[in-house]
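Coordinate-derived values only; no laboratory data. Given the structure is predicted, the values throughout are model-derived calculations rather than measurements. For neighbour counting, all protein chains shown are included, and Cβ atoms are generated from backbone atoms with ideal geometry for every residue, glycine included.
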Amino acid sequence: MAAATATSSVTRESPLSRFLGIAYVGLVYGFFYIPIIVIVLFAFSGRDIPALPLENFTTRWFHEALADEELMSSLWTSTWIAFVTAILATAIGMPAAMVLAWRPFRGKAFVFGLILSPIIIPQMVIGISLLLLFRYSPQLIGAIGIVIAHITLTLCFSVMIFYSRFLGFRMSLVEAAMDLGASEARTFFEVILPLATPAILAVMLLTFTESFGEFIVAWFVAGFDETLPIAIWTSLRFGLSPRINAIATLIMVISITLSALAQFWILRQTRAPSQAG
Amino acid sequence: MLANQQTGSSLKGRRTLAIAGLAPIILWQIVFFVCPMALLAVYSFWRLVDYKIDYTPTLYNYRDLFSNPLLFNALLLSLQVAVAVTIVCAILAYPIAYFIAKKAGRWRILLLILVIVPFWTSFILRAYAWKLLLGERGFINSGLSLLGMIDQPIQYLLYSPVATSIGLIYAFLPFYILPLYTSIDKVQDSWLAAAQDLGATPVRAFFEVTFPLCIPGLVVGAVFTFIFAVGDYVIPQLLGGGKSLLIAQAIVLEFETSQNWPGGAALSMVLLAIILAILIATLRWIRMEDVV
């Protein structure tokens, strides 16, 4: 009781300061979302340039964007590159995180440093350095090079998410399986993999999104291949077109829906076992 | 007993498994991260002479950085912009993080998710959005002229260091809010209650309890915001225009336009050196804080 009253005396505040607080938060969130809203608004405006006033509600730009072969082929390139990146970043990152979380060994700090340091390097510098490397094997320049670059950029996220998941893992379950005679492989597929599914999904989603939207590194190593961000960048040189707004709106709706669904699903998955136990 | 018999062989097996688990990522990082970085360092000591690379080691590119006003000014402007962006982000982020952690109640999770959602859209689209907002015929200018508040579009909105700064603040503010939120969230309400029970005013309790405890969050957020802001290319290129270059634009100019790869590599190395210096200083400082 005493604690409760003490707490309320701290959190009590005047309506004015409460109002100012909420107004400030509203302003900053407006700052976060106005640019996104503006993209969407102009996607439906009938004018040739994205400017006010909004006129003649139209879906013409969506039709034009979907009929634009260059835009669509770059969309396809981005999609498969992001998909391959997500799978490989998961496949390489997950076993590494298991070892890092579960096994003590010398030089762990060094391995962590090796895995995490790309975070602090400006992405542009990573792109340039990879381009210098690919000069010695030019056949890698292009879509393959982008996949390599994106895996390099996303491995650190993959390892960190898996690592924090595996640190909190109930090792007793793994030990129980092994004690009952399951092989390492069987333990992995029947115990570890199901329990790690939310983390796998989270990693794949994050690495997919990161790769799908990444521009600068891809731009350096792309050669003649075009991802969607590169196509958008190129078309920005020729002025602003509402077609970009249309394709941007489509992508945002899809990615925000997917991410929200996955987030929701992950939350449910992580809650379920604790409720059962 | 069974376990004991197995130990020998399974320990060996697990050791092999551990090596197999780590080997791919270590190999990958060495081939596609360490090697390229080393290559970049090597390039920076070569020199472009008559469109060909002269492989005699030289410090020419580094000296050029300090004697060429274009490059040196780009470096200075980048540092100024990054410092300004970091400070503004800190000032904007603190009340938000504080509100989410202490005042939001049941809205907390929603507000946190709403900070992250813009990240689900491509960086280049978020930069493009600001071009739509700030452009000569953009949202703000056409809106103001519709309202009759201006006759001529405000020119300096776009293509200025101010536009670049706005774009960078927009892009990296969430990176500042999240670590700050974590550190403010750790401050227990009961500690504040204790301070107030001992006679401190709420303001004094804030400055002597809450604020000192979230300095690590402030520093971590500042370091990341600065690092991201100082090395960004897309936002200065789209919003800042070509008049006053930032270091990232200068690097791309060297690589793409001048084909001066050693020069671009040297600029990149200087950028990396600045970032490393800041990181090392911060890590030292954090350790000092731990000791004290």
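Sorting B:235-241, A:65-71 by average packing, meaning the other beta carbons within 10 Å per residue, from highest down gives B:235-241, A:65-71.
Can you tell me the dipole magnitude for chain A around its Cα centre, using point charges on the Cβ only (Lys, Arg +1; Asp, Glu -1), in Debye to the nearest 20? Walk me through the intermediate numbers first.
Numbers: 15 positive and 15 negative charges, 174 e Å.
The dipole of chain A has a size of about 840 debye.
Under the membrane-span-like helix rule (DSSP H runs whose alpha carbons stretch at least 27 Å along the helix axis, mean Kyte-Doolittle hydropathy -1.0 or higher), chain B yields B:2-29, B:69-98, B:161-185, B:261-291. Note on B:LYS12: aspartates and glutamates with a C-alpha under 18 Å away, same-chain residues under 8 apart excluded, are A:GLU175, A:ASP179, A:GLU184. Computed from the C-beta positions of B:ASP185 and B:VAL31 and an R0 of 41 Å, the FRET efficiency is 0.55 to the nearest 0.05.
Classify region B:130-288 from the C-alpha gyration tensor, please: rounded if a/c falls under 1.5, else prolate or oblate depending on whether a/b exceeds b/c. Oblate, since a/c reaches 1.5 and b/c is not below a/b.
What's the exposure ranking of B:ASP185, B:ASP151, B:ASP232, B:ASP54, going from fewest to most Cβ atoms within 10 Å?
Numbers: B:ASP185 16, B:ASP151 7, B:ASP232 29, B:ASP54 13.
Fewest-to-most Cβ neighbours within 10 Å comes out as B:ASP151, B:ASP54, B:ASP185, B:ASP232.
Protection proxy ranking for B:159-167, B:277-285, A:234-242, using the average of other Cβ atoms within 10 Å per residue and placing the highest first: B:159-167, A:234-242, B:277-285.
For region B:57-188, what is the Kirkwood estimate of the hydrodynamic radius, computed as the reciprocal of the mean inverse distance between distinct Cα atoms, to one decimal in Å? Present the calculation step by step, with values, prior to reporting the outcome.
Details: mean 1/r = 0.0563 Å⁻¹.
Computed over region B:57-188, the radius equals 17.8 Å.
Taking the dipole about the Cα centre of the protein assembly as shown, with the C-beta of Lys and Arg at +1 and of Asp and Glu at -1, give me whichever of B:ALA200, A:THR257, A:ALA149 is farthest to the positive side. Of the candidates, B:ALA200 comes out farthest on the positive side.
Relative to the Cα centre, the charge distribution of the protein assembly as shown, modelled as +1 at Lys and Arg Cβ and -1 at Asp and Glu Cβ, gives a dipole magnitude of about 1240 debye. Residue-wise HN-Hα couplings along region A:156-170, as the Karplus relation 6.51 cos²θ - 1.76 cosθ + 1.60 with θ = phi - 60° gives them from phi, are 5, 5, 4, 4, 5, 5, 4, 4, 5, 5, 6, 4, x, 6, 7 Hz; Gly and Pro carry x.
What does the structure give for B:270-277 when I average, per residue, the other chain Cβ atoms found within 10 Å of the residue Cβ? Before the final figure, lay out each step's value.
Working: counts 0, 4, 5, 0, 0, 4, 3, 0.
For this peptide, the per-residue mean of nearby foreign Cβ atoms is 2.
For B:LYS103, which aspartates and glutamates qualify as cross-link partners when the Cα separation must be under 14 Å and same-chain residues fewer than eight apart are set aside? Partners within reach: A:GLU13, B:ASP185, B:ASP189. Normalising by the residue count of region A:1-159, find the relative contact order in percent from Cα pairs under 8 Å and 6+ residues apart. The normalised contact order for region A:1-159 reaches 22 percent.
Using only the Cα atoms of region A:69-144, construct the convex hull and provide its projected area averaged over every direction, in square nanometres to one decimal. All intermediate terms of the calculation are to be shown ahead of the outcome.
On the way: hull surface 28.1 nm².
With the hull built on Cα positions only, its mean projection is 7.0 nm².
Once the Cβ-Cβ distance of A:SER164 and A:ARG237 is raised to the sixth power relative to R0 = 35 Å, the FRET efficiency obtained is 0.25.
Enter the mean number of other protein chain beta carbons within 10 Å of the beta carbon of each residue in A:112-123, as an integer. Intermediate values should be presented prior to the final figure.
Details: counts 0, 1, 7, 6, 1, 6, 4, 3, 10, 9, 14, 7.
Mean partner shielding for this stretch: 6.
Partner shielding of B:131-139 amounts to 5, given as the average count of beta-carbon atoms from other chains within 10 Å of each residue beta-carbon. Considering only B:ALA193, B:ALA129, B:ALA97, the mean-square fluctuation computed in a Gaussian network model of chain B, springs between alpha carbons under 10 angstrom, is largest for B:ALA193. Of the residues B:TRP261, B:THR282, B:ASN61, the one whose Cα sits farthest towards the positive end of the charge dipole of chain B is B:THR282 (charges of +1 on Lys and Arg Cβ, -1 on Asp and Glu Cβ, taken about the Cα centre). Placing +1 on each Lys and Arg Cβ and -1 on each Asp and Glu Cβ, with no other charges, gives chain B a dipole about its Cα centre of roughly 720 debye. Taking the centroid of alpha carbons for each part, region B:140-179 and region B:71-129 are 15 Å apart. If a/c stays under 1.5 just call it rounded; otherwise compare a/b with b/c (prolate if a/b is bigger, oblate if not). Do that for the protein assembly as shown, with a ≥ b ≥ c from the square roots of the Cα gyration tensor eigenvalues. Rounded, since a/c falls under 1.5.
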